[in-house]
Structures are given as C-alpha cells and as structure tokens.
Amino acid sequence: RAFVPAPPALSADMLGRVLQRTEAGAPVVVPAHALAMCVVVLDGPPGAGQIDGAAGRPILTGSATRGQVIESPGGLTLSLLWRASMLPRLSGEPARAFTDRVIDAADLLGPLPVARWQACAQGGPHRHTLLMQQVFDWARRVRAGAAPSRAHAARFAQALAAWRLQAGEAVPAGWSERQWQRACRDELGVHPGLLRRLARLHASVRAQSRQPGRWAGHALEAGFSDQAHLAREYRDLAGLAPTRGHGQAGLQLSAQALAPRFFAG
C-alpha cells in the first residue's frame with residue numbers, strides 16, 4: 001500500500017491517491033471519514049469491484065458516518081481521495097446526497113485512461129512515478145471541468161480551517177449553530193458532531209502510534225471521558241476494537257496520512 005499526496009495545486013480539493021494489492025477476501029478497514037473516495041480496480045477477478053462488470057469502471061463513495069470492515073475482491077486497486085466538498089461541484093447536489101452511498105461514478109467523472117494506468121501499475125517504481133503523474137493530470141482535468149466553488153463554500157472552508165475542534169468550540173465565529181450544521185452537511189456530507197468525534201479518534205490514533213500501550217491516558221488526552229468511551233467510539237467509527245485497529249495499516253493510513261487538514265496535528 002502506498003499513499004501519494006496530491007500536489008499543492010490540487011490539495012484544496014484532493015488528498016492524494018492510494019495504490020494497493022490485496023488478496024481476495026482480505027479484510028479492509030474503512031473508517032468513518034469526510035472524504036469522497038473514487039475506487040478503480042486495475043486488475044482482479046472478472047467484475048471485481050465494478051458495479052456493472054465493465055473493466056475499470058469507477059466507484060465513488062461519499063462521506064461515511066460509521067466505520068466498517070469489508071472483504072477485498074482481490075487484485076490491484078487505485079483509490080483517488082477527494083475532499084467531500086468536491087462532490088457538490090461535480091454533481092450540482094449537496095454532499096449529503098452521497099453520504100454512506102456507493103455509486104457508479106462514470107457519469108460524474110467521465111472516461112478514465114484506465115489502460116494507461118494499468119500499464120504503469122504493472123511496472124516497477126519508475127512506472128509508478130509515471131502513474132502518479134498521469135493520475136494527477138487526470139484529476140486536474142476533472143477539476144477544471146467541475147463547476148466553480150460557490151462563495152458560500154469558500155466561506156465554509158475558511159471557517160472549517162479555523163474551527164478549534166478539540167477546544168470545545170461549538171461553532172466557528174460568525175456562524176449560528178443551524179447555519180453551521182447545514183453547511184457541514186451540504187459541503188462535507190456529515191454533521192459537525194461527527195467531525196468532533198473523528199477529531200478525537202484521530203488524536204488517539206496518533207498518540208497511540210507515538211506511545212503504544214497508554215490507551216487510558218490517550219483517551220483522556222484526546223477528549224474522551226475514559227478508556228471505555230474511546231473503545232465504544234473506536235468500534236463505531238473505525239469498525240473494530242482499538243487493540244485490533246492499531247495493527248490495521250488501513251486505519252493507520254486513514255487516521256494519519258489521509259485525514260483532512262482539519263484533523264492534522
């Protein structure tokens with residue numbers, strides 16, 4: 001599994017891409033998140049990971065409110081990680097229309113250069129570098145064809161970046177609670193309460209990676225009431241118990257490398 005962050009010119013809308021190979025039936029951790037994930041199976045069993053069986057057909061997931069563990073179809077998979085705020089620009093619908101959904105993304109994203117991606121993915125490291133360039137060039141074209149961000153979206157992004165999630169701040173300055181709740185659902189597809197929960201979970205994962213074995217201390221430092229509270233949230237948002245989740249590369253990657261900027265720290 002290799003995560004490659006998006007270049008600065010794309011970072012406002014895209015986090016990056018992940019290329020991974022899994023065995024059929026292998027568990028894949030999918031935590032709750034505020035991301036739009038476009039998944040393309042580059043090689044694998046016939047029809048694997050494709051809604052209608054067409055080779056390279058993109059599948060898009062909206063923001064997820066609960067964690068889960070799914071079985072991999074097996075094969076080489078390319079995941080493109082967009083910020084959920086990109087969905088309204090692509091579809092004309094609020095991001096909440098895609099929450100907890102998996103859809104065929106061909107109409108939204110248009111044709112993908114799958115044959116070229118497949119050729120690069122099968123090569124060595126130098127070919128993977130070319131794949132990275134091709135994927136991000138394609139992402140730039142998708143973004144260029146998307147509707148421009150609304151003025152409201154720009155204001156929301158600024159407020160989100162300044163929101164002190166773990167400092168107990170209910171809503172950013174200048175917003176009513178109702179305005180903020182609607183903006184979060186429209187632009188990210190999730191309720192602001194979920195963002196606070198995700199921020200706490202990510203803080204505990206980062207702390208555990210630095211100092212393993214201090215679950216009780218990490219729970220309190222991250223804002224949980226106690227270790228049992230952390231364990232309940234972990235199961236709900238990550239889809240598995242903390243002791244199992246710490247060893248799952250997928251959760252580590254999502255909680256650290258793939259987290260949106262407002263979960264950084």
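The values are calculated or read from the model by the stated rules, or taken from the named source; none is laboratory data. What you are looking at is a predicted structure, and each value in this text was computed from that prediction instead of being measured. Cβ coordinates were reconstructed from backbone atoms using ideal geometry, including for glycine residues, and neighbour counts include every protein chain displayed. Surface areas here come from the heavy atoms of the whole protein model, side chains and all, with no ligands, DNA or RNA. Shrake-Rupley method; radii C 1.70, N 1.55, O 1.52, S 1.80 Å.
Between Gln179 and Ala151, the simple spin-label model (points 7 angstrom out along Cα→Cβ) gives 1.3 nm. You can think of it this way: the chain between Ala26 and Arg66 has 12.4 nm of extra reach, that is 0.36 nm per residue less the Cα-Cα gap.
I'd like the carbon and sulfur percentage of the solvent accessible area for segment 49-185, probe radius 1.4 Å, heavy atoms only, ligands and nucleic acids excluded.
Details: 3590 of 6990 Å².
Carbon and sulfur together cover 51 percent of it.
Computed from phi, the 3J(HN,Hα) profile of segment 59-72 under the Karplus parametrisation 6.51, -1.76, 1.60 (θ = phi - 60°) reads 10, 10, 10, x, 4, 10, 9, 9, x, 7, 10, 10, 8, 6 Hz, with x in place of Gly and Pro. A probe of 1.4 angstrom, applied to the heavy atoms of all protein chains, finds Arg101 with accessible area near 110 square angstrom.
Between rounded, prolate and oblate, where does segment 75-224 land on the alpha carbon gyration tensor, with a ≥ b ≥ c its root eigenvalues, rounded for a/c under 1.5, else prolate if a/b exceeds b/c? Oblate, since a/c reaches 1.5 and b/c is not below a/b. Residues whose amide H falls under 5 Å from that of Leu15, counting only those 5 or more places apart or on a different chain, are Leu81, Trp82, Arg83, with hydrogens built in the peptide plane.
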